Amino acid sequence: MKISRRTFLKGSLTTLFLAGSGFPVYSSTKVKKNLVVIMLRGGMDGLCAVPVIGDKNFEKRRKELILDNTIKLNSDFSLHPGLGSFHELWKEKQGAVVHATNIPYTERSHFDGQNLMESGGKIPYKVKTGWLGRGMKLAGLKKEGLALALPMPLLLRGVPQNNNYFPTKGKLPDDKLLALLNEAYKDRSEAELIDMLETIKSRPKETPYAVEDVYSLASKAGTLMQKPDGPRVAVFEVGGFDTHAAQGGEHGTHSDCLKEMDIIFATLKKRLNKEFDNTLIVTLTEFGRTIEQNSGLGTEHGYGSAIFMGGGLLKKSQVYTDWPGLKKKELFQGRDLNSTIDSRSVYASAMSTVFGVEFKTIKDKVFWGEDLQNLSDKLFKA
């Protein structure tokens, strides 16, 4: 049987899925642990999402963007009011934050920054695989990743036959979309394409998740992941965090983006049901925003940001930070929240916890022996 790449891609989109073959079935004696990564594209403002309480240096630089009705987390930090579902997780000891953190990238380019946040490298475009894909390969997790995005994110590349889910209404793709998909599947052999297409054709052509919104995507992901033979890894994307103008405070563009993230947390909690206890959710962004608002009532590209985490694999609810302060001399280059924790330490520790691989092995094999800190005991359950 001969199959062209174009025929494969048309057939796969028409049936709503772009996929590898099925996921492994776990025995009743082996606990299936899940890892979810939510990529927050555009540069999430950690100081807006998790504001520091009572810091005059912050308040005087953001007079029009200050939040009046935040949710108190502890004596030092509060939460954006749009993150009500995350706060429910916090109260159940299933929500936590790592603050003043980022990847070791300071040049403030979206393109380079997003490439590095996914690859885990230090030089843009040098690495062709993602840290999550490499971690899965190291753990032997073939065919167990699900991307709620098109094309396959760099983050998941590096392990064979991960899966895409992206709903359509059954229409054939245009040439532009086919070109994108062709790039995503260019390294697949004819035999692999045949195998994937047969799997795709066996799936239903009708789905209640026919709208491209985060609730639908999270519903589908949670429903699949809670099954014994479901994927163990899922990746979401939330865009729109590049708020150079009209960022807003309690309401506005940045708030809307945070609410989308909040929906993913809430929906996964609901759909995973008891399997949420064996799940870890972490967020990922390329950089934070400047401490000072600009003339357009927005913020510019910054450095330090925050990581949101959820799930039953968290050790406790906490804001984990080595807080650098917001005085002029404490800011990165006099303008940005500094990063005192390499976010790759968090992700390496998360993979060690979920995949059952020694932290040092992940540090050496996935992150090339970088000087990362093992935070597993501080953040996650054994």
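Quick notes
- Enumeration of residues in the range 39-59 that are not in a loop (DSSP other than H, G, I, E, B) and not polar (S, T, N, Q): M39, L40, G46, L47, C48, A49, V52, K56, F58, E59
- Residues of the range 244-261 that are farther than 24 Å from S109 by Cβ and among the polar types (S, T, N, Q): S255 alone.
- Selection of first residues in the range 157-177 that are farther than 25 Å from M117 by Cβ and of second residues that are at pLDDT below 80 and basic (K, R), restricted to Cβ pairs under 6 Å at least 6 apart or on distinct chains, gives the following pairs, ordered by first then second residue: L172/K10.
- Checked against (1) assigned to a helix (DSSP H, G or I); (2) modelled with pLDDT under 75, G170 meets all criteria but (1).
- Contacts under 9 angstrom Cβ, first residue in the range 102-118 being touching a residue at least 40 places away in the same chain (Cβ under 8 Å) and among the charged types (D, E, K, R), partner crowded, with 17+ Cβ neighbours inside 10 Å and in a helix (DSSP H, G or I), 6 or more apart: E118/W131; E118/L132; E118/L154; E118/L155; E118/L156
- Scanning the range 135-163 for residues that are in contact with a helix residue (DSSP H, G or I) (Cβ under 8 Å, 6 or more places away or on another chain) and polar (S, T, N, Q), we see that the one that is modelled with the highest pLDDT is N162.
- Selection count, the range 214-241, where residues are crowded, with 21+ Cβ neighbours inside 10 Å and closer than 19 Å to V50 by Cα: 2
- L268 assigned to a helix (DSSP H, G or I), at pLDDT 95 or above and surrounded by 24 or more Cβ atoms within 10 Å (Cβ to Cβ): yes
- A single member of K128, K143 is in contact (Cβ under 8 Å) with a residue 12 or more places away in the chain, farther than 18 Å from S343 by Cα, basic (K, R) and surrounded by fewer than 17 Cβ atoms within 10 Å (Cβ to Cβ), and it is K128.
- Qualifying residue in the range 27-42 (condition: among the small types (G, A, S) and modelled with pLDDT under 90): yes
- Contact annotation: residue pairs with Cβ atoms under 8 Å, 6 or more positions apart or on different chains, pairing a residue in the range 296-311 that is closer than 13 Å to L40 by Cα with a partner that is in a loop (DSSP other than H, G, I, E, B) and aromatic (F, W, Y), are S305/F287.
- Only one of the numbered conditions (1) more than 19 Å from F367 (Cα to Cα); (2) surrounded by fewer than 23 Cβ atoms within 10 Å (Cβ to Cβ); (3) touching a strand residue (DSSP E or B) at 6+ places or on another chain (Cβ under 9 Å) is violated by D342, and that is (1).
- Residues satisfying the criterion are present in the range 319-338 (criterion: closer than 21 Å to Q94 by Cβ and either touching a helix residue (DSSP H, G or I) at 6+ places or on another chain (Cβ under 9 Å) or in a loop (DSSP other than H, G, I, E, B) (or both)).
- A count restricted to the range 80-126 and to residues that are closer than 20 Å to T321 by Cα, outside any helix (DSSP H, G or I) and basic (K, R) stands at 1.
- Positions within the range 272-291 being of a type in the set (A, V, I, L, M) and assigned to a loop (DSSP other than H, G, I, E, B), in sequence order: I291
- The residue pairs whose first member lies in the range 79-95 and is among the hydroxyl-bearing types (S, T, Y), whose second member is at pLDDT 95 or above and not in a loop (DSSP other than H, G, I, E, B), and whose beta carbons are closer than 6 Å, counting only pairs six or more residues apart or on different chains, are S85/D262; S85/F265; S85/A266.
- Failed item, numbered, when K316 is tested on (1) under 19 Å from the mean Cα position of the chain (by Cα); (2) part of a loop (DSSP other than H, G, I, E, B); (3) within 20 Å of S85 (Cα to Cα): (1)
The values are calculated or read from the model by the stated rules, or taken from the named source; none is laboratory data. Here the structure is a predicted model, which is why all the values come from computation and not from measurement. Using ideal geometry, Cβ is built from the backbone for each residue, glycine included, and neighbour counts are taken over all protein chains shown.
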